[in-house]
Amino acid sequence: MTRMFAIVEREMRKFFRSPALMMVSMMLPLVQLVVLGNAFGGKIRNAKIGVVDYDHGSQALKIHEAFQSIAVNIRTFTTVDYDNEQQAREDVRTGKIDGAVIIPSQYSRRVLADDSPAIGLVVDNTDQTMSGALEQEMQSLVDALNAPQIQPLVVQSIALKIVELYPYVEYMKYLLSGSVALAMYVAVMIGGGMLYIDDKARGIHEGFLVTPITRLELVLGLNLAGTIKAVLSGITLALIGSLAAGLGVIFHPMIALQLFALIVATSVAFNGMMFLMMVRVEDPLVPRAMFGVLNTLLFFPSGAISPISGFPKWLKAIAICDPFTYAVHGLKAIFLKDGGWVAIRFDLAFLFGFGIVTLLVATPLFKRTL
Amino acid sequence: MTAALKDQAETAAFPPGTIIGVDNIVKRYGDFEAVKGVSFNVGDGEIFGLLGPNGAGKSTLIRMLTTLIPVTAGRAVVAGHDVSKESDAVRRAIGVIPQAMTSDIDLTVEENLTIYAKLYEVPKAHREKNIAELLEAVDLTKWRKAQTKTLSGGMRRRLEIARGLVHGPQIFFLDEPTTGLDPVSRVAVWEMLNRLKERRKLTILITTHYMDEADRLCDRIAIVDHGKLVALDTPLALKATVPGSSVVEVQFEREDAEWQSKLEQLPGVTSVESHANGLYRVLSANGSQTTTQLVELAAREGQVIKGLSVQNTTLDDVFVYYTGRQLRDEQVKAHGFVMPQRPGMQP
């Protein structure tokens, strides 16, 4: 045990002598959290909609009034009047306006005659976020126009009442779980994988191998040190990220304990995975080259950015084996849902199991000689 | 079987007093044979040098003896333990300084030593005393709290030496310990090694590129080339095996084709090599006598001597004699200059 802890001591002393390493390992997740958290998930505001009115009737006036109401209230869009449809389409295509509403001639007459009235919406569907928001807003507007002025005796419309279990979750809060997991991954890759291979290349390990330290002591020492580094990184980012995203739940003692357990389990899993991948690598360029590929391969399918249920089958298959998935799921349960131990117990079991299995595979592969 | 009996059995094939016994050891990497059946013994308390050019196999040999790489065939016993079967016992008995400087540059001098003392499980009570003594011995006491990255190359090498001795080993392996050091630091390392050897009753096995280092430090020297042991003896005995003990270089003012045969007839001369501009290299068994007679001959013949030098046989000559090449020819060629071979040096 003395020898194993000597390796841990050496790694930790080096870690604390290089604060830049800790900063670097948290820079990417923090930047991602702040930039993506603010860039995505916000509501569309002040889009420009062209209105081509060929009708000018009483029913068209209702549409104009609804547009004015939107412009001053939820401000999804403001309107610009156009004389002809051709010009409005061209301006949507060139990006001068974000969409165009076409009110055809005879629209008011058709409404009053109940003769299949329709209005047109031209959108730039290369921007799915914008076109989706406009379509949604226009659909609400059309639904309102369709509502009968006099209630029928028997109401046949069925309404769906949505019950939201949690308060509105801003995208930054949604993203925080992924960012904490990413901070641990970066700490493991930089503070573990890259330093491990660099030490090998510089001959530091040669110095260890001539001592009586056993293979298991060396492997456990390196992994324990890697886990501690990742835990420190995870806790730091959870604190900073929670403050940035306005989440106060982690200051509750039981939730803090759950968070700590999940961060430890995630660090164990990430370290085991990294050690298995690096155990026979000699070239210091390899972990650097793998860093970006693994980041994409493991982080994005984990559900950190968007829900797994929307993935194709092959991506879901990656998500199932990906320790990131369980880390992100567990962290979301802690940060956003207060689901208790029940909500994270499978994640904890998977992550600890994954870490132990990868270590068990990696240990015999670790060469006790050069 | 008791440990003592086992040790006796292990070393039975080697002469008494052998602390490192190497018997027909081989190292293969695929089809390439890096070490081809080398055998030698090192006595207790000896400083034993392994000389050889880059790629000769000396580092591979030292790595097998220090359990860093497995032995393909043959047997090596270090401090009574077989390196293949009792690696752990061997590791406890030896201290190793690898070729590269492997101390942690982010840690302090003292931290580096402490970590290694813990890796060797030196008890805490002994650890601090040992470290203090070693720092004193390598003259780094006042630098004990300094980060290793702030030390000079020579100081770092001294730290490495202290690190290798932190657990009080019987045998000390040093792989090119002075490579990259300036001449003053090299001499300081030699003196320190001699002091440590005496104080700690060490056996030292050292590999080096430097002939003067081997000559000054080693009790015996083994010359390794192309994975084979080509010579093994004391520095004096090795020098004595080279034909002729001196080289006389003489340059005459006038070039004369007959001088080659005249020089060959001088007593003690074993061979003469003629070069451009009236320069001759004369290999002689008796340098001073040959020089005197050469000067007298030149005076009799009315020949003017422009330059004259006499060199005794060095380990460089021994190396060239046994391997047919300069020890560091790759490095010399890289600078566009090749040392001319001494006449008659091919075995």
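The values are calculated or read from the model by the stated rules, or taken from the named source; none is laboratory data. None of these values were measured; they are calculated from a predicted model. Cβ: placed from backbone, ideal geometry, glycine included. Neighbour counts: every protein chain shown.
Going residue by residue through region B:331-343, is there one that turns out to be modelled with pLDDT under 85, within 18 Å of the chain's Cα centre (by Cα) and either in a loop (DSSP other than H, G, I, E, B) or outside the structural domain of B:Arg216 (by TED's automatic domain parsing) (or both)?
Step one: list which residues in region B:331-343 are modelled with pLDDT under 85, which gives B:331-343.
Now narrow it down to the ones that are within 18 Å of the chain's Cα centre (by Cα): B:331.
Then drop every residue that is not either in a loop (DSSP other than H, G, I, E, B) or outside the structural domain of B:Arg216 (by TED's automatic domain parsing) (or both), which leaves B:331.
Looking for residues that are modelled with pLDDT under 85, within 18 Å of the chain's Cα centre (by Cα) and either in a loop (DSSP other than H, G, I, E, B) or outside the structural domain of B:Arg216 (by TED's automatic domain parsing) (or both), one finds at least one in region B:331-343, hence yes.
So that you can scan it fast, the table gives a plain yes or no per residue for (1) at pLDDT below 95; (2) more than 17 Å from the chain's Cα centre (by Cα); (3) not acidic (Asp, Glu):
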residue	(1), (2), (3)
B:Gly55	yes, no, yes
B:Ser59	yes, no, yes
B:Gly80	yes, yes, yes
B:Val90	no, yes, yes
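Taking into account only those residues within region B:135-149 that are in a helix (DSSP H, G or I) and over 18 Å from A:Ile204 (Cβ atoms), which is nearest to the chain's Cα centre (by Cα)?
B:Ala137
Check off (1) at negative phi; (2) part of a loop (DSSP other than H, G, I, E, B) for B:Ala298 and give me the number that stays unchecked.
(2)
Restricting attention to region B:89-101, report how many residues are more than 7 Å from every other protein chain (Cβ to nearest Cβ), part of a helix (DSSP H, G or I) and touching a residue at least 24 places away in the same chain (Cβ under 8 Å).
2
Being in the same structural domain as A:Gly193 (by TED's automatic domain parsing), in contact (Cβ under 8 Å) with a residue 12 or more places away in the chain and surrounded by fewer than 18 Cβ atoms within 10 Å (Cβ to Cβ) narrows it down to one of A:Lys313, A:Lys337, A:Lys332, so name that one.
Only one candidate passes the filter, namely A:Lys337.
Which fully enclosed helices (runs of 4 or more DSSP H) of region A:169-250 have 1 or more residues being without any contact (Cβ under 8 Å) to a residue 24 or more places away in the chain and buried (at least 20 other Cβ atoms within 10 Å of the Cβ)?
Passing ranges, in order: A:195-202, A:204-209.
Would you please list the contacts, defined by Cβ atoms under 6 Å and residues six or more apart or on different chains, that run from a residue in region A:63-89 that is exposed (fewer than 13 other Cβ atoms within 10 Å of the Cβ) to a residue that is at pLDDT 90 or above?
A:Asp81/A:Val51
Cβ-Cβ under 9 Å, sequence separation 6+ or interchain: first residue in region A:1-30 and within 14 Å of chain B (Cβ to nearest Cβ) and closer than 15 Å to A:Lys229 by Cβ, partner of a type in the set (Ser, Thr, Tyr) and in a helix (DSSP H, G or I). Which pairs?
A:Glu9/B:Thr114; A:Met22/A:Ser233; A:Met22/A:Thr236
Can you confirm whether B:Gln260 is free of Cβ contacts under 8 Å to residues at least 24 places away in the same chain and not in a loop (DSSP other than H, G, I, E, B)?
Yes: the conditions hold for B:Gln260.
Collect the residues in region B:102-140 that are more than 7 Å from every other protein chain (Cβ to nearest Cβ), among the charged types (D, E, K, R) and within 28 Å of A:Leu21 (Cβ to Cβ), keeping them in residue-number order.
Of everything in region B:102-140, just one residue is more than 7 Å from every other protein chain (Cβ to nearest Cβ), among the charged types (D, E, K, R) and within 28 Å of A:Leu21 (Cβ to Cβ), namely B:Glu110.
Taking the options A:Leu112, A:Leu145, A:Leu121, name whichever one is aliphatic (A, V, I, L, M), modelled with pLDDT under 85, surrounded by 11 or more Cβ atoms within 10 Å (Cβ to Cβ) and closer than 16 Å to A:Ala60 by Cα.
Result: A:Leu145 is the single residue among A:Leu112, A:Leu145, A:Leu121 that is aliphatic (A, V, I, L, M), modelled with pLDDT under 85, surrounded by 11 or more Cβ atoms within 10 Å (Cβ to Cβ) and closer than 16 Å to A:Ala60 by Cα.
Out of all the residues in region B:170-181, is one or more closer than 26 Å to B:Asp212 by Cα, at pLDDT below 90 and among the aliphatic types (A, V, I, L, M)?
Within region B:170-181, one or more residues are closer than 26 Å to B:Asp212 by Cα, at pLDDT below 90 and among the aliphatic types (A, V, I, L, M).
What pairs come up if the first residue lies in region B:17-35 and is at pLDDT 95 or above, the second is of a type in the set (Asp, Glu) and assigned to a strand (DSSP E or B), and their beta carbons are under 7 Å apart, counting only those six or more places apart or on different chains?
Listed pairs, sorted by first residue: B:Val26/B:Glu33.
Quick one: in region B:197-246, of everything that is modelled with pLDDT of 85 or more and assigned to a loop (DSSP other than H, G, I, E, B), which residue is farthest from B:Asp44 (Cα to Cα)?
Only one residue tops the list, namely B:His226.
Taking region B:250-295, which residues are among the β-branched types (Val, Ile, Thr) and surrounded by 19 or more Cβ atoms within 10 Å (Cβ to Cβ)?
B:Val250, B:Val269, B:Val272, B:Val282, B:Thr290, B:Thr291
Yes or no, residue by residue, for (1) farther than 28 Å from B:Ile115 by Cα; (2) within 14 Å of chain B (Cβ to nearest Cβ); (3) among the aliphatic types (A, V, I, L, M):
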position	(1), (2), (3)
A:Ala187	no, no, yes
A:Phe208	no, yes, no
A:Val219	no, no, yes
A:Leu239	yes, no, yes
A:Leu247	yes, no, yes
A:Leu259	yes, no, yes
A:Phe270	no, no, no
A:Phe300	yes, no, no
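Look at region B:56-88 and say how many of its residues are more than 10 Å from chain A (Cβ to nearest Cβ), assigned to a loop (DSSP other than H, G, I, E, B) and over 22 Å from B:Ile206 (Cβ atoms).
Residues in region B:56-88 being more than 10 Å from chain A (Cβ to nearest Cβ), assigned to a loop (DSSP other than H, G, I, E, B) and over 22 Å from B:Ile206 (Cβ atoms): 4 in total.
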